Every structure is written in C-alpha cells, then in structure tokens.
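Single-structure report; data block below.
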Ligand code: F6P
C-alpha cells in the first residue's frame, strides 16, 4: 500500500561524527525544495521519539542568513545517543505516529540501524537508512559518513608524533578508535607511514613486531618507529584492553599503552615507547570535503527514495555509484571487518609494514 508522503522525520543515532549536519542539511533542502515535504528533526535519536522531542527543519532556519553552518560543523544539531535508553519499545514506536510522520530517515551506524530497523518492522514505519561511523564498518557500502575526516585527523596526528619520535629516537604509538573493526587504523597507518599497524582482524605477536622494529633500526641506523594500533587490537597476551566506567560499562581503550609497555619491557628499556590515545578528537572537527560531498549525496538520494516509496533501504556507495541496498541485508551482515586479503593490508606488507596476520 503506498502512502502519500507529506511529513518526514530525520534523526541521528550512535556516536557522532563529522558530516552528520551536512546530511541533515541535504535532507532538509531536498525534501522541502525538491518534494515539498515537511521535515521533522527528532532530538537524540530514539530518546526524542520516546519523549516526543522534535522540531521543524526548514532550509532557511538551518541556513542562518547564508552562513550555512551545517556544511562545516561537526557533531549533530539533533543530538545523538549510543547507549540503550530506558523506554518501552511501544513508547518509542508510537512516537512516529504521534509526530505525524509518513517516513523517517535514520542516519546511523550498524548497531543503530539494526535497532531502528527492528522498530520499523514491528511498528510499520517507512524507514530509509544512511550509513555513518568513523569505524567504516557498515556492511554493503564502501564508505560511511565521518570515516574520511577521521582518517585525515588521525593521519595528521601521525605527522605530529613523527617529529618527536625522530627527534628522540622513540617508538611512537597512536591508538585509534574503530571498535572491533580495523579500517580506521589501517587507513591511518598507511596514510601516516606507520612501520606497524595492529588491527583486531589480524593476530600479531610481540616477537615478530620487535623483529620488524629491529629491521627498521638496521635500515635507518637509529630507531624511530611509528605504530598505529586500533583500540580493538588484541593485547600481546591475548584479549582486548578495556576500561570500566562507574556503571560497570566496558569500552575499548588503552591497548596503545599496553603495547608501549610490552616493547619497553621486552627490550629491557633499550627502546623507549610513548603511546597517544587519540580518542574523541577523531570524531570531532570540520568534515572533510569528501565527507561533506558524501553526506550531501546520501541525504539527497535518501529523500528521493522516500519520494519513490522505496523503504527498508539504505543508501550506499559502491565504487563511484550511490545506490540503495536492502536494510535487512545490511543488518544481517553486522559489522563489516577488514578482510585479511584487503588490498591495503597487501600494500602495507609490500612496503615492509608489520601487520601481523
Ligand atoms: O563507533 C564509534 C566509536 O567512536 C568507536 O570507534 C568507539 O569505540 C566508540 O564509538 C566510543 O564510544 P563513546 O563515545 O561512547 O566513548
């Protein structure tokens, strides 16, 4: 049964990243100017649905007299959450009806899109997904909004670490985010000229890492080395490194320091290692032009899908084309990890970069 579309909702869900606002801007402009829809911005993802917190978005209200801040501002004007909320599914789901929505565009990572797709199926929402995450691990798309900017930010950090490393003959370690996926670390390590890249998908061991550092020392005469370590990479003795917050929730962080300590103690202090955990610096800042362009393409195509009545789809970049892929297939595949045969893994190895595996 086709629904006449008059009013569409948009929300951002999961960890923020640069480019979300550019997507909200594109959705609003295309929906209002291109199709005459009314656009409702839902605050804080499912929390806004549960609490009925929303506002109307118009091209002129977001343009701010031509300053057009959404093009260049990181984060999300709608707010976001990346933890479960204390609300019944029925209360969240009824928010869609209470806001008078005919369709909804959800900008989220793999976890958020799975949750929202569950609600959509249960409550009959007309849903279109837009992939975003600095982890770049949403299935069936080459790129998620935010990844390109995070790679650029962390690559700049590599350049900053290099000068201290060279000046002091140190092993400099950069810990990147990415949860269980190593895309971010792999891209940053290659772009930043790392000597070793440790990612969750590839097992590594300390002896081989040290041997690769020794080869670097032989080539250069003295040792400076740059290591990029994904937060989800395994520790030298197995397992992941986590911190636990006051509510007992665990999150990945600290592997960089563990690797630094392991290198120093295995070499009896002959090598000096310093770790930097880049943390949320990677999620902030002005979106790169590539992310702004991607967000604009995704936003406009998502609205056009709504206008055509094509729901339960996610917009996706494959090669250079923007297409729609079935949201249930994306959700069923879960987090898209780095394949051991990834061309970037091979490129790194051909350059003498230690990646384990
Ligand atoms: O999924 C995005 C991400 O930034 C991960 O890379 C990271 O592990 C996590 O979110 C951090 O979440 P939080 O902002 O809750 O600390």
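No value in this document is a laboratory result; all are computed from the given coordinates. Predicted, not measured: the structure shown is a model, and the values here were computed from it. Cβ sites come from the backbone with ideal geometry, for glycine too, and all protein chains shown count toward neighbours.
At 222 nm, what helix-only mean residue ellipticity would the chain give, in deg cm²/dmol to the nearest 500, using -39500 (n - 2.57) for each DSSP H run of four or more? Intermediate values should be presented prior to the final figure.
On the way: 12 runs with 137 residues, N = 357.
Mean residue ellipticity, 222 nm, calculated: -11500 deg cm²/dmol.
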Quick shape summary for region 56-181, equivalent ellipsoid via Cα gyration tensor, semi-axes whole Å in descending order, reads 37, 21, 12
I need to check one value: relative contact order of region 200-255, counting alpha carbon pairs closer than 8 Å and at least 6 residues apart, in percent. 29 percent
Sort out for me the Cα centre separation of region 190-213 from region 103-155, rounded to whole Å. 29 Å
Between residue 205 and residue 308, what FRET efficiency comes out of the Förster formula 1/(1 + (r/R0)^6) with R0 = 51 Å and r the beta carbon distance, rounded to 0.05? 0.45
What is the mean projected area of the alpha carbon convex hull for region 204-357, to one decimal in square nanometres? 13.5 nm²
Please report the relative contact order for the chain, taking Cα pairs under 8 Å with a sequence separation of at least 6, and give it as a percent rounded to a whole number. 22 percent
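Computed over the Cα atoms of the chain, what is the ratio Rg over Rh, Rh following Kirkwood?
That ratio equals 1.03.
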Could you work out how far the C-alpha centroid of region 221-270 sits from that of region 15-49, in angstrom? 39 Å
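Considering the convex hull of the alpha carbon atoms of region 153-259, report its projected area averaged over all viewing directions, in nm², one decimal. It would help to have the intermediate numbers written out before the result.
Numbers: hull surface 28.2 nm².
Mean projected area of the Cα convex hull: 7.0 nm².
I'd like to compare 226-239, 290-303: which one has the highest average count of other Cβ atoms within 10 Å, and what's the full order after that?
Working: 226-239: 21.6, 290-303: 23.8.
Highest to lowest by the protection proxy: 290-303, 226-239.
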